[in-house]
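The values are calculated or read from the model by the stated rules, or taken from the named source; none is laboratory data. Keep in mind it's a predicted model, so treat the numbers as computed, not measured. Note that we place each Cβ from the backbone using ideal geometry, even for glycine, and neighbour counts take in every protein chain shown. To get the accessible areas, we keep the full protein, side chains included, count just its heavy atoms, and leave off ligands, DNA and RNA. Shrake-Rupley method; radii C 1.70, N 1.55, O 1.52, S 1.80 Å.
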Amino acid sequence: MMKNTHKILGLTFLAISSLVIVAADHIDAPSVRGTTADIADLFAFEPTEGSDNTVFIVDLQSNVLPDLAYGTFDEDVLIEVNIDTDGDLEEDLVIQAIPRDGTMYFFGPVTPLQKGLSSEVLIDNPLGNVRISEATAITTTTANGVSLFAGPRQDPFFFDFFQFNAVIGGMAPEGFKPADEAADTFDGANTLSIAIELPNSLLGNPTGTNALGVPVYKTWVTTNKKQ
């Protein structure tokens, strides 16, 4: 695994989606659309109230419509969760994930070797690994309490995509439909997802509070592709 991973050093930035708590985005620029470099969602939350753990879920999209086929994780794409620990909106810790031969390998959280638009795989800081799920979900929990998952999950995004296009195209003067009449275009569609639950002790102190006064980490996700 070490030998294979060294081949991915020197990755360049492809796509980014940022958040404080939750962000959603579907169908990015043509250079990444329909690949697992295309970020759909990032979720960050406590699994239960008062928990000392944080969960990060990254949804990466292949083709999003239900009648289209889905691909697999691209071995040339590095997924990176970036965490700001001092409030300057630069990554101070990163958690990385990269697939190899049907297994997702995770690294960090640790200070990155470089910040910004390029990344190197942090092979000296393994976090754990999990077999990539297919029909049956597979999770693994490491000795230090980190739980990991990688595989297809149902797309959580509710959006009437075709009505949206009709509205912005001037073909629907009535506007958007009420919730009980709208169609969930992505119902039955999947994203390719990774999930990481880890103790907050590995992340340090939260960087601030949200509008509700809840302590949060400032975090965003990037994908980087081998060039």
Every residue from region 94-140 that is among the charged types (D, E, K, R) and open to solvent by less than 30 Å² (accessible area, probe 1.4 Å): Arg100
Residues within region 186-227 that are free of Cβ contacts under 8 Å to residues at least 40 places away in the same chain and in a loop (DSSP other than H, G, I, E, B), tallied: 5
Positions within region 165-185 being out of contact with any helix residue (DSSP H, G or I) (no Cβ under 7 Å at 6 or more places or on another chain) and touching a residue at least 40 places away in the same chain (Cβ under 8 Å), in sequence order: none
Residue check for Ala183: small (Gly, Ala, Ser), more than 20 Å from the chain's Cα centre (by Cα), open to solvent by 20 Å² or more (accessible area, probe 1.4 Å) and at pLDDT below 90: yes
Condition met for Ser31 (crowded, with 21+ Cβ neighbours inside 10 Å, hydroxyl-bearing (Ser, Thr, Tyr) and at pLDDT below 85): no
Boolean, Thr222 is touching a Phe, Trp or Tyr at 6+ places or on another chain (Cβ under 6 Å), closer than 28 Å to Thr35 by Cβ and hydroxyl-bearing (Ser, Thr, Tyr): no
Residue satisfying all of: in region 71-89; of a type outside the set (Gly, Ala, Ser), part of a loop (DSSP other than H, G, I, E, B) and farther than 15 Å from Val110 by Cβ; nearest to the chain's Cα centre (by Cα) among these: Phe73
